[in-house]
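*Asks:* Would you mind keeping the following structure in view while I ask a few things?
The values are calculated or read from the model by the stated rules, or taken from the named source; none is laboratory data. These numbers come from a predicted model, not from an experiment. So basically every Cβ, Gly included, is an ideal-geometry build from the backbone, and we count neighbours across all protein chains shown.
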Ligand code: ADP
Ligand code: ZN
């Protein structure tokens, strides 16, 4: 029977709860006036918001809404942009990270999934009016003050009528500016509706997986671990820590587990740190699973990424491999989640929605009732504690996988006490290390020299007045890069010609202090003129995949004798010919004002040490340090991860640091130092008023890098064991009224103190 006209005619169409992609906490109810089936959850829509049009996502189908309802403008695509399982994960993330749901959903979509190609920016009527007043020199009448860049941007939009985001971004700093022009209602986003292009059916049969006969025979530890994992498949949520020393064959275990899941028609998600650094790992997945794996790396074009996303969603491809944002990949029938090198800092997103990819991966597995495997040779303290608490089950791989290497203990670590060696400042390698390099060269073996700073000199100072050359937009010293003949700020990328004299006193005599990889390379070339030396850091690869891959291939082919590099050399590489690893000056990292400094140092050193002696010949590790007694160094000597962790956990517990407490950092920044400080002081006041005895409020304090890209920075740190109370304090503090130019970011489970 048809319903009587009366009541339902009041709201014809369907009601949609929409999360808009703006920094607002609430979701809003709209009406879809079109007849037919309601838009499914996760559908992308365009809705009016204030005086503009914005994108949003359908997150609910309310029964009733407020009296005054606005209609959606349109829907994007003919299928939901976000699957329900990913939507569920995003909801959890929004709650946990105190982030607006719409922003989390946006972070969850690959670039290109949104209708970016058809997105245009144009002036609103108010913007139009302002430009006209401006032309008559009467902008002040609108009561809005604009700076020169704003004006230029608005004028451009006026001339062009509308611009694509990319065109606009080419105008300096446009993305930052856009946000505040949007907020002030001067410009708006118009998304032209573009249905997703149908994914092309791929021609030809799927590439068969690598011949099964060539797979290595698992050793007994790998077998035992795999057996436990396979037994857990399909049993609901199960979490494991695969704790295997470097080169113990963890990857082989992931591959077998995933093969089993695929046999059962289930999907798998694999997160790896900085996928560009480990082309080898992606290649192993490809070799094993052929076209059944989508490798999601940042070098993919938006179109390719979109295509990969669609193939995953349709079930055409069952395995996704990628960096942290792949945690949102729409894998079907998810049964296995792997986080390789789970301790790695790159899993933490450091801007926008500040999520931790590893923690989200665990939650995703929980929601999907899947098996999650966190793998590492040096697990994070958080994960190790989860083992102690019985939340994760630990599986051990205590020997190297390669049968020859397995027969030996891990290579010994020798400590060189720099206090005992009189060295010229330009010498860099203490005699024992120099001798070891010479011996490796003579034996035709390869060496890795690790120093975690790039550039030539990390500091330029004036011998006359003592001034240090600092970046003009950041409060940090500039690093000399001799190759490029520039001083470069490592925080904002600003590059300036090397000044002839001191910028302060104008006297000649600037001198470089501190050592970076570029100087190490130069010194090593001079010491060993016959050796083939290469350097691996961000300067030599410059974000170019092919350069990186070529360099790694040359090391594999033994065309390089000595590889000098930053932490890029520590990451999972499996170079059979490397027998010697030398570590220069780990001291700076150990002494950072960060409660995780010791943990990070130990992880980094154990990882780089793990590059030695993986092949036929035994390895050797030499560490030069001024602090041989530091726990990170002492436990490294015996590769005693467990000893280190137990010691470190005791320290953390006595100081109430994570994982024995939780933290939330509030980060404020703005152009005017005094207003940032004032806002931070008010926010801290609000926090203290709410805190009671359960939450410790530290600060406000200037950040260790007090100025970045021209913005002054302050922090407030909250610490406590009761998460609900901690969150309540963070919410109270975040309600602070901010001057227009000051931004406040909430960072839950912060990883960086900078
Ligand atoms: P991890 O991921 O623990 O660092 P990998 O899985 O990369 O270790 O294994 C290190 C090396 O040992 C690789 O070259 C791999 O192919 C090889 N390998 C793994 N398992 C075995 C095995 N059971 N027998 C022989 N070689 C193996
Ligand atoms: Zn800078």
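*Asks:* Please work out if residue 331 is more than 16 Å from ligand 2 (Cβ to nearest atom), part of a strand (DSSP E or B), crowded, with 18+ Cβ neighbours inside 10 Å and touching a residue at least 24 places away in the same chain (Cβ under 8 Å). Outline the logic, then answer.
*Replies:* Working: more than 16 Å from ligand 2 (Cβ to nearest atom): yes; part of a strand (DSSP E or B): no; crowded, with 18+ Cβ neighbours inside 10 Å: yes; touching a residue at least 24 places away in the same chain (Cβ under 8 Å): yes.
Against the criterion (more than 16 Å from ligand 2 (Cβ to nearest atom), part of a strand (DSSP E or B), crowded, with 18+ Cβ neighbours inside 10 Å and touching a residue at least 24 places away in the same chain (Cβ under 8 Å)), residue 331 does not qualify.
*Asks:* Regarding residue 636, is this residue more than 30 Å from residue 147 (Cβ to Cβ) and surrounded by fewer than 18 Cβ atoms within 10 Å (Cβ to Cβ)?
*Replies:* On the way: more than 30 Å from residue 147 (Cβ to Cβ): yes; surrounded by fewer than 18 Cβ atoms within 10 Å (Cβ to Cβ): no.
No.
*Asks:* Applying the selection to region 499-522, what residues are modelled with pLDDT of 90 or more and either within 16 Å of ligand 2 (Cβ to nearest atom) or surrounded by fewer than 20 Cβ atoms within 10 Å (Cβ to Cβ) (or both)?
*Replies:* 522, the sole residue that qualifies.
*Asks:* When region 2-32 is examined, which residues are found to be modelled with pLDDT under 85, at negative phi and more than 36 Å from the chain's Cα centre (by Cα)?
*Replies:* Across region 2-32, the qualifying residues are 2, 3, 4, 5, 6, 7, 8, 9, 10, 11, 12.
*Asks:* Let me ask something else about it. Which members of region 219-247 meet the condition of being part of a loop (DSSP other than H, G, I, E, B) and within 10 Å of ligand 1 (Cβ to nearest atom)?
*Replies:* Quick first cut of region 219-247, residues part of a loop (DSSP other than H, G, I, E, B) only: 219, 233-237, 245-247.
Matches in region 219-247: 219, 245, 246, 247.
*Asks:* Out of everything in region 309-328 that is within 15 Å of residue 109 (Cβ to Cβ) and in contact with a strand residue (DSSP E or B) (Cβ under 9 Å, 6 or more places away or on another chain), what residue ends up being surrounded by the fewest Cβ atoms within 10 Å (Cβ to Cβ)?
*Replies:* 325
*Asks:* In the set 480, 551, which member is free of Cβ contacts under 8 Å to residues at least 40 places away in the same chain, surrounded by 15 or more Cβ atoms within 10 Å (Cβ to Cβ), more than 16 Å from ligand 1 (Cβ to nearest atom) and over 29 Å from residue 590 (Cα atoms)?
*Replies:* Numbers: 480 fails: over 29 Å from residue 590 (Cα atoms).
Only one candidate passes the filter, namely 551.
*Asks:* For region 337-358, which residues satisfy the criterion of being under 22 Å from residue 101 (Cβ atoms) and in contact with a helix residue (DSSP H, G or I) (Cβ under 8 Å, 6 or more places away or on another chain)?
*Replies:* Matches in region 337-358: 347, 348, 349, 352, 353, 355, 356, 357, 358.
*Asks:* Looking only at residues that are in contact (Cβ under 8 Å) with a residue 24 or more places away in the chain and part of a loop (DSSP other than H, G, I, E, B) in region 405-424, which one is surrounded by the fewest Cβ atoms within 10 Å (Cβ to Cβ)? Explain how you work it out, then say what you get.
*Replies:* In the first step, residues of region 405-424 are kept if they are in contact (Cβ under 8 Å) with a residue 24 or more places away in the chain; the result is 405-406, 408, 410-419.
Of the ones still in play, those that are also part of a loop (DSSP other than H, G, I, E, B) are 408, 410-412.
Details: 408: 13, 410: 23, 411: 21, 412: 16.
My answer is 408.
*Asks:* Additional query: Which residue pairs have Cβ atoms under 7 Å apart, sit 6 or more places apart or on different chains, and have a first residue in region 248-262 that is over 12 Å from residue 229 (Cβ atoms) and within 13 Å of ligand 1 (Cβ to nearest atom) and a second that is at pLDDT below 95 and assigned to a helix (DSSP H, G or I)?
*Replies:* What qualifies is 251/281; 251/284.
*Asks:* If you scan region 447-490, which residues turn out to be part of a loop (DSSP other than H, G, I, E, B) and within 10 Å of ligand 2 (Cβ to nearest atom)? First the steps, then the outcome.
*Replies:* Kept after step one, since they are part of a loop (DSSP other than H, G, I, E, B), are these residues of region 447-490: 451-456, 458, 463-467, 469, 471-476, 478, 482-485, 489-490.
Result: 471, 472, 473, 474, 475, 476, 478, 489, 490.
*Asks:* Next question. Taking region 712-724, which residues are touching a helix residue (DSSP H, G or I) at 6+ places or on another chain (Cβ under 8 Å) and either over 21 Å from residue 662 (Cα atoms) or assigned to a helix (DSSP H, G or I) (or both)? Don't jump to the end; show me each part of the working.
*Replies:* Initial filter on region 712-724 (touching a helix residue (DSSP H, G or I) at 6+ places or on another chain (Cβ under 8 Å)): 712-716, 718-720.
Once the filter is applied, which keeps residues that are touching a helix residue (DSSP H, G or I) at 6+ places or on another chain (Cβ under 8 Å) and either over 21 Å from residue 662 (Cα atoms) or assigned to a helix (DSSP H, G or I) (or both), region 712-724 yields 712, 713.
*Asks:* Looking only at residues in region 382-404 that are buried (at least 22 other Cβ atoms within 10 Å of the Cβ) and either over 17 Å from residue 235 (Cα atoms) or without any contact (Cβ under 8 Å) to a residue 24 or more places away in the chain (or both), which one is nearest to ligand 2 (Cβ to nearest atom)?
*Replies:* Here is the first cut: in region 382-404, the residues buried (at least 22 other Cβ atoms within 10 Å of the Cβ) are 383-384, 392, 395, 397, 399-401.
Filter once more, so that each one left must be either over 17 Å from residue 235 (Cα atoms) or without any contact (Cβ under 8 Å) to a residue 24 or more places away in the chain (or both): 383-384, 395, 397, 399-401.
Numbers: 383: 35, 384: 36, 395: 45, 397: 43, 399: 46, 400: 43, 401: 44 Å.
Looking at residues that are buried (at least 22 other Cβ atoms within 10 Å of the Cβ) and either over 17 Å from residue 235 (Cα atoms) or without any contact (Cβ under 8 Å) to a residue 24 or more places away in the chain (or both), I get 383.
*Asks:* Then there is this: Has region 491-510 got at least one residue that is away from ligand 1 (no atom under 16 Å from the Cβ), in a loop (DSSP other than H, G, I, E, B), in contact (Cβ under 8 Å) with a residue 12 or more places away in the chain and touching a helix residue (DSSP H, G or I) at 6+ places or on another chain (Cβ under 6 Å)? Even if it seems obvious, please write down each step before you answer.
*Replies:* Restricting attention to region 491-510, the residues satisfying the condition of being away from ligand 1 (no atom under 16 Å from the Cβ) are 491-510.
If we keep only those that are in a loop (DSSP other than H, G, I, E, B) as well, we get 491-494, 498-500, 502-507, 509.
Of the ones still in play, those that are also in contact (Cβ under 8 Å) with a residue 12 or more places away in the chain are 491-492, 494, 498-499, 502-505, 507, 509.
Those still in the list that are touching a helix residue (DSSP H, G or I) at 6+ places or on another chain (Cβ under 6 Å) too: none.
Within region 491-510, not a single residue is away from ligand 1 (no atom under 16 Å from the Cβ), in a loop (DSSP other than H, G, I, E, B), in contact (Cβ under 8 Å) with a residue 12 or more places away in the chain and touching a helix residue (DSSP H, G or I) at 6+ places or on another chain (Cβ under 6 Å).
*Asks:* Considering only region 700-727, state which residues are buried (at least 17 other Cβ atoms within 10 Å of the Cβ) and free of Cβ contacts under 8 Å to residues at least 40 places away in the same chain.
*Replies:* Answer for region 700-727, where residues must be buried (at least 17 other Cβ atoms within 10 Å of the Cβ) and free of Cβ contacts under 8 Å to residues at least 40 places away in the same chain: 700, 702, 725.
*Asks:* Which condition from (1) assigned to a helix (DSSP H, G or I); (2) touching a strand residue (DSSP E or B) at 6+ places or on another chain (Cβ under 6 Å) is the one that residue 534 breaks?
*Replies:* Single failed check for residue 534: (1).
Matching residues to (1) at pLDDT 90 or above; (2) over 27 Å from residue 363 (Cα atoms); (3) out of contact with any helix residue (DSSP H, G or I) (no Cβ under 8 Å at 6 or more places or on another chain):
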| position | (1), (2), (3) |
| --- | --- |
| 63 | no, yes, yes |
| 77 | no, yes, yes |
| 95 | yes, no, yes |
| 105 | yes, no, no |
| 111 | no, no, no |
| 115 | no, yes, yes |
| 131 | no, yes, no |
| 135 | no, yes, yes |
